[in-house]
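The values are calculated or read from the model by the stated rules, or taken from the named source; none is laboratory data. As the structure is a prediction and not an experimental result, all values here were calculated from the model. Cβ sites come from the backbone with ideal geometry, for glycine too, and all protein chains shown count toward neighbours. Quick note on the areas: whole protein, heavy atoms, side chains included, nothing else; ligands and nucleic acids left out. Shrake-Rupley method; radii C 1.70, N 1.55, O 1.52, S 1.80 Å.
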There are 4 protein chains.
Amino acid sequence: MSFNTFGHLFRVTTFGESHGPAIGCVVDGCPPRIPLAEADIQPYLDKRRPGQSRYTTQRQEPDTVKILSGVFADEATGVQVTTGTPIALLIENVDQRSKDYSAIKDAYRPGHAGYAYDAKYGIHDYRGGGRASARETAMRVAAGAIARKIVPGLKVRGALIQMGRHKVDRSRWDWAEVDNNPFFSPDAQAAAEFAEQLDAVRKRGSSVGAVIEIVAEGVPPGLGAPVYGKLDGDLAGAMMGINAVKGVEIGAGFAAAELSGEDNADEMRMDHERLGNDSRPRFLSNNAGGILGGISTGQPMVVRFAVKPTSSILAPRRTVDRYGRETEIVTTGRHDPCVGIRAVPVGEAMVACVIADHYLRHRGQVGESAAWPFAKR
Amino acid sequence: MSFNTFGHLFRVTTFGESHGPAIGCVVDGCPPRIPLAEADIQPYLDKRRPGQSRYTTQRQEPDTVKILSGVFADEATGVQVTTGTPIALLIENVDQRSKDYSAIKDAYRPGHAGYAYDAKYGIHDYRGGGRASARETAMRVAAGAIARKIVPGLKVRGALIQMGRHKVDRSRWDWAEVDNNPFFSPDAQAAAEFAEQLDAVRKRGSSVGAVIEIVAEGVPPGLGAPVYGKLDGDLAGAMMGINAVKGVEIGAGFAAAELSGEDNADEMRMDHERLGNDSRPRFLSNNAGGILGGISTGQPMVVRFAVKPTSSILAPRRTVDRYGRETEIVTTGRHDPCVGIRAVPVGEAMVACVIADHYLRHRGQVGESAAWPFAKR
Amino acid sequence: MSFNTFGHLFRVTTFGESHGPAIGCVVDGCPPRIPLAEADIQPYLDKRRPGQSRYTTQRQEPDTVKILSGVFADEATGVQVTTGTPIALLIENVDQRSKDYSAIKDAYRPGHAGYAYDAKYGIHDYRGGGRASARETAMRVAAGAIARKIVPGLKVRGALIQMGRHKVDRSRWDWAEVDNNPFFSPDAQAAAEFAEQLDAVRKRGSSVGAVIEIVAEGVPPGLGAPVYGKLDGDLAGAMMGINAVKGVEIGAGFAAAELSGEDNADEMRMDHERLGNDSRPRFLSNNAGGILGGISTGQPMVVRFAVKPTSSILAPRRTVDRYGRETEIVTTGRHDPCVGIRAVPVGEAMVACVIADHYLRHRGQVGESAAWPFAKR
Amino acid sequence: MSFNTFGHLFRVTTFGESHGPAIGCVVDGCPPRIPLAEADIQPYLDKRRPGQSRYTTQRQEPDTVKILSGVFADEATGVQVTTGTPIALLIENVDQRSKDYSAIKDAYRPGHAGYAYDAKYGIHDYRGGGRASARETAMRVAAGAIARKIVPGLKVRGALIQMGRHKVDRSRWDWAEVDNNPFFSPDAQAAAEFAEQLDAVRKRGSSVGAVIEIVAEGVPPGLGAPVYGKLDGDLAGAMMGINAVKGVEIGAGFAAAELSGEDNADEMRMDHERLGNDSRPRFLSNNAGGILGGISTGQPMVVRFAVKPTSSILAPRRTVDRYGRETEIVTTGRHDPCVGIRAVPVGEAMVACVIADHYLRHRGQVGESAAWPFAKR
């Protein structure tokens, strides 16, 4: 990971600003001969797309993705597949309203990246946050759709588990419910509470934070490159790199600090339903969140991250401007009252990208031999 | 970051196992003409060194560091300085007791990396955890000592703020106290409680987790490489990559999820004590933890991470062995009842390494011009 | 350098196939506040553009470049400048004639990349060479135009110095002549011979190789990152990576093997026209080609590379097809009889990219302090 | 490749100076479970070791290598194998004579890296060339010995084919002869001429250049990562990065510029001795040197490079010193009259490292499926 490129073997480079002509990405290192068409990517983008309910920004972007390179229709089958060369994806911006931003041209919005970008580069495309806009995350979602196709059997799902102080009740967790409400809540009852809360937040021009949980099933054991390319290290870096994220935890997370060694360590038994070459252990708990020593164990990988409330709010805040003058600012324009909602598909995508990258890295170093330790080598 | 190399321009490659002949590292990309001798590194190693109190492992390792390359005595001044070429550091292992580990040769210790290493590589040096041992972190501390010398005015300090369920009282925070107790607690009263708690834990052969806080002051604004090399992303990756860490947060962290937009965004005023080229804002709060949009703002950087309880405990735990047989295991040998304590200097070192790397990366892209936005460009 | 990304701090990622909808690139890591518009890039593309004389392929591509991101009009000056974020460039393909290639769909053209791509990926977009097409080099030229703006005072020029067995006469070298003939020959008399030779080659449906020389002036001393990121190593890698290149040399090159130590080593005197902080040596010869120990010395950098004759020829050649059947092949379609001609602007661009990348890397590690050793430090 | 680290998945980081306490390297990313002991590495070091004939430097270095990490004795077999973690290698320097260099402390030796290092870093360990010394190449040879074990069936051999103006006669090429003479000449008669020539060169305190050829057999087809990680690009970078190398060519090399398209393109037939899944083409010539489009074809890979005469000669040369004073210099001390000789094992090692790295990278992206295009997929 560096600059605007993510990953080592599965590499994603994104570009584009909120109010430029287009955003896009180049996905490099993808294995060849994987069926890939726009229709494989678009559903994930649609999930993240703004303007779908009154709870997200009203900017209208169809976010229609176009594949510019890296695929070829296999004549034998007629199916369009990846060629192993760079896959470029492009989404045109259609609903920029740059004039919305003229009021904030010079004054820094507290909590926004504008001040920091200016401190770094001495110039900042302030329109809609420019490069710092969450609009960039559309390309993460697009890349994630490709990443999901690389690891056989991989299933990555996410849910919003907390908004403000309201949390879902885990005893009511239902993955099927996640797509039934505009919050990606796995708990229908909590979704109703979220709706009520967010309506109030929206009405008073405020915003609220959230906590997201991503679960990856079907992660092969053995992924991760200790000691500075650990799977959990890369996941934490990827999650924290999502806009507005302030905290990341894996498995028991911060709660692990309060556990005793006996309670924390996940005991192991054999999975008696699997035999022979497929022989593997089962863990009696999952405080590790599927990762030990930076390497996947084959258990479900569980990652959570906290998203701060968006800083674009109607209440006037004290700030300074580019010329060092003290002033006040009110942010109008179109914004998400809870940016954490649309972070769910983004978090899923980043988890998929990290796993795909490590899957290829592991295959490079160790090969494709059966990884379960009890298998013959 | 990848495999056993950390960083892009300030690059640290570590090697060595807990029970091999030596551990070491190569620090590459260090600027030239920085005074550097063993005496600059040793004090930080001494802080992390095992066997210094009854609260850490009783393994006796002097951890004496030797510089093998990359320095030269400047004839004009007689001072040994860096040459800009790779600095190799070596620490010999002296107190290995590999026989302690014969009992666990085949059975996986729940919560340990052993199973995962075996699943990945099909072979594992189980003696003392091999490469997965926290012994590797000595080289992080050594590299961090060099990193600290690269960024002018940088000050990185850490403290243990929670052990088990006991937390320090922030109203009693005193940095000077940190070096007065064996827990790196900034609160003398909490230190006494920690001692009592840990004696009990130790006696019953158990272990306990902890939370560490690292604060970096003097970080220049403008560090960070959006969007996949964000300063907070790299910090999170570096912290989560430390042995036994399960959670990371920056600034308000997970608490940000519960804040409203008004409360979370840090308002700005001018710092009237600084004028002219040194003109800069001050922030009225620090929920951001010194980072906005992945870029440092010049505020103190605040990072916290949770360390799980060490899994090496005396209570018998259910597990399986390399041959797929179910068994029970008891971990004897020498271990830290609270591995979080020695994680304090390690966390400091990793934060220093991240900042040094980004300092050089920023200088590469943007140059050394004044970064404060109000300065003339 | 890896996959489709070139460079460490000045990073260029290209994408696109010869017969896809578009080719493009993302230039990441560019310093901010550099004036940049399409008009800065287009002239270099025009130089490389096909179809400009009867000596290059008759494919008609306007190669009009569009900047999609990474620039912003500075309001203070009205000038569009770089923002430090990724600069995406796009060129639409307009003159694909894919049906030209149906004859070679299954049979491998001897000397072409098709067989190798198929061996690697198991699939190959054979239309116009797909990703292996020299069409990709348009984006190198575009990126090179940006690279040239990064290093103050840098001047990179190239010339074709040999076609087949005909060489230019160095005593007639005239840089001004290079743009007066369709071969980039610095020797007008040689250009006339090249024309005659190439007309004959073209008529008999054959092709011919060439040697190109690139000279970079104004390269600051001190660039290069020993020992595995040497300036000459990176130059050699970049040149050899250009399509159809089979040899690279720097300074005296292969002729150095025949020199004695006395004749080869470039003696030094002081440059008496420069005094004080600008004090520097002059070299009495330049067998080193401006690089010693992998680091630039401040002398002009001289790089030469050999381009093989294009393999797309009318003479029937023996080959095999994808199904392992022996066959013969004749390549019709539109091709360059001497692909070395258009390699001149490509070679210039790659040299500029290498220098720009090392300029930023050097600034990162060492800073902007005066580099000449005689200056006070 | 960057700074002192070579490779992407097979990564080699070297450190150490000619007159420091030791040189060493860390080999990271090596696959696990490969048998490895010092005895696998030492023979290659012995081949490169100085002081073995009167034709190389008289410095006496046993170059005894020690493995510090990354291996473990497999209990099942008793064999020491790699564990997949970093392999650290160390060689202690024993025959430094730093006083030899006091005369050249301030004056730059024409043709040496000293001036360039000083221009870059503002400090230089001039003793024996410091980091720029060819002594560093011992670690390349050591790493190469490991690389050779990674690719099944790989055979990398090198030979000196030209010294000064004397060339070997290819009709007399005999690989068995290479180890029979102190020049690695494959032509016994040429070896005798080399001896005579070099005695004369040595007597007059001069030096002479050379050309080396490396041939790699058993390279699987499909290695190489277009377009900026091409196999030939990486080979050229690796060869040019060897001390004193000024030119690199692959296959027909510079001679390709003089060929017609018909003569250059290597025609293909089926290899009728191989059937079924092992079905593959044979090429009727090898102008490509085993690489097309940056990807290996399965033919023998042929790389040549030119080594300049060492600049350490007895004849007085004009130069300047660190203080900008003009002076003359004579280089005494112990030096190779033809540094090209010992470049043979170094070139072999670098070729092996490049191939091993690409072998793992290819396996990462594409997997281990049969690569020959005619095999079923």
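Values computed for the structure shown
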| read-out | value |
| --- | --- |
| Tally, over the range C:338-364, of residues that are crowded, with 24+ Cβ neighbours inside 10 Å and over 18 Å from C:ILE242 (Cβ atoms) | 6 |
| Unmet criterion (only one of (1) open to solvent by 10 Å² or more (accessible area, probe 1.4 Å); (2) under 27 Å from C:GLY364 (Cβ atoms); (3) out of contact with any helix residue (DSSP H, G or I) (no Cβ under 7 Å at 6 or more places or on another chain)) for C:VAL26 | (1) |
| Failed item in (1) closer than 30 Å to A:PRO316 by Cα; (2) touching a helix residue (DSSP H, G or I) at 6+ places or on another chain (Cβ under 8 Å); (3) away from chain B (no Cβ under 13 Å), with A:ILE214 passing the rest | (1) |
| In the range B:302-328, residue modelled with the lowest pLDDT [restricted to those that are farther than 20 Å from B:ASP118 by Cβ and β-branched (Val, Ile, Thr)] | B:ILE313 |
| Test: residue in the range A:92-105 that is within 14 Å of chain B (Cβ to nearest Cβ), aliphatic (A, V, I, L, M) and within 30 Å of A:SER312 (Cβ to Cβ) | yes |
| Only listed residue being in a loop (DSSP other than H, G, I, E, B), buried (at least 24 other Cβ atoms within 10 Å of the Cβ) and of a type in the set (S, T, N, Q), chosen from A:THR77, A:THR85 | A:THR85 |
| Residue in the range C:150-194 that is nearest to C:ARG342 (Cα to Cα), counting only those that are surrounded by fewer than 19 Cβ atoms within 10 Å (Cβ to Cβ) and of a type in the set (Phe, Trp, Tyr) | C:TRP175 |
| Criterion violated by C:THR332 - all others in (1) surrounded by 24 or more Cβ atoms within 10 Å (Cβ to Cβ); (2) in contact with a helix residue (DSSP H, G or I) (Cβ under 8 Å, 6 or more places away or on another chain) satisfied | (1) |
| Checking C:ARG48 against (1) among the basic types (Lys, Arg); (2) more than 14 Å from chain D (Cβ to nearest Cβ); (3) open to solvent by 40 Å² or more (accessible area, probe 1.4 Å), the condition it does not meet | (3) |
| C:LEU235 at the interface with chain D (Cβ under 8 Å from one of its Cβ atoms) and open to solvent by 10 Å² or more (accessible area, probe 1.4 Å) | no |
| Residue count for the range D:287-321, restricted to those that are more than 8 Å from every other protein chain (Cβ to nearest Cβ) and not aromatic (Phe, Trp, Tyr) | 10 |
| Residue among B:GLY324, B:GLY293 that alone is out of contact with any Pro (no Cβ under 7 Å at 6 or more places or on another chain) and open to solvent by less than 50 Å² (accessible area, probe 1.4 Å) | B:GLY324 |
| The range B:201-234: number of residues that are under 18 Å from B:LEU160 (Cα atoms) and of a type in the set (A, V, I, L, M) | 8 |
| Among residues of the range C:27-62, those that are under 30 Å from C:THR85 (Cα atoms) and out of contact with any strand residue (DSSP E or B) (no Cβ under 9 Å at 6 or more places or on another chain), counted | 8 |
| Residues of the range C:51-74 satisfying the condition of being closer than 30 Å to C:VAL208 by Cα and open to solvent by 60 Å² or more (accessible area, probe 1.4 Å) | C:GLN52, C:ARG54, C:GLN58, C:GLN60, C:PRO62, C:THR64 |
| Matching residues in the range D:122-134 - criterion: being out of contact with any helix residue (DSSP H, G or I) (no Cβ under 7 Å at 6 or more places or on another chain), part of a helix (DSSP H, G or I) and facing chain C (nearest Cβ under 7 Å) | D:ARG131 |
| Some residue of the range C:217-226 being under 24 Å from C:PRO31 (Cα atoms), away from every other protein chain (no Cβ under 11 Å) and surrounded by 19 or more Cβ atoms within 10 Å (Cβ to Cβ) | yes |
| Count of residues meeting criterion [on the phi > 0 side of the Ramachandran plot, more than 7 Å from chain A (Cβ to nearest Cβ) and open to solvent by less than 10 Å² (accessible area, probe 1.4 Å)] in the range B:242-268 | 0 |
| Looking only at the range B:195-208, and only at residues there that are in contact with a Phe, Trp or Tyr (Cβ under 9 Å, 6 or more places away or on another chain) and within 13 Å of chain A (Cβ to nearest Cβ), the one that is least open to solvent (accessible area, probe 1.4 Å) | B:LEU198 |
| Residue ID - farthest from the other protein chains (Cβ to nearest Cβ), chosen from residues in the range D:269-283 that are under 30 Å from C:ALA210 (Cβ atoms) and either in contact with a Phe, Trp or Tyr (Cβ under 9 Å, 6 or more places away or on another chain) or surrounded by fewer than 18 Cβ atoms within 10 Å (Cβ to Cβ) (or both) | D:ARG282 |
| All positions within the range B:93-106 that are modelled with pLDDT of 80 or more and either in contact with a Gly (Cβ under 9 Å, 6 or more places away or on another chain) or basic (Lys, Arg) (or both) | B:ASN93, B:LYS105 |
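Rundown of residues vs (1) more than 27 Å from C:GLY237 (Cα to Cα); (2) of a type outside the set (Gly, Ala, Ser); (3) facing another protein chain (nearest Cβ under 10 Å), yes/no style:
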| position | (1), (2), (3) |
| --- | --- |
| D:THR14 | no, yes, yes |
| D:PRO21 | yes, yes, yes |
| D:ILE41 | yes, yes, no |
| D:GLN58 | yes, yes, no |
| D:THR64 | yes, yes, no |
| D:PHE72 | yes, yes, yes |
| D:GLU75 | yes, yes, yes |
| D:THR85 | yes, yes, yes |
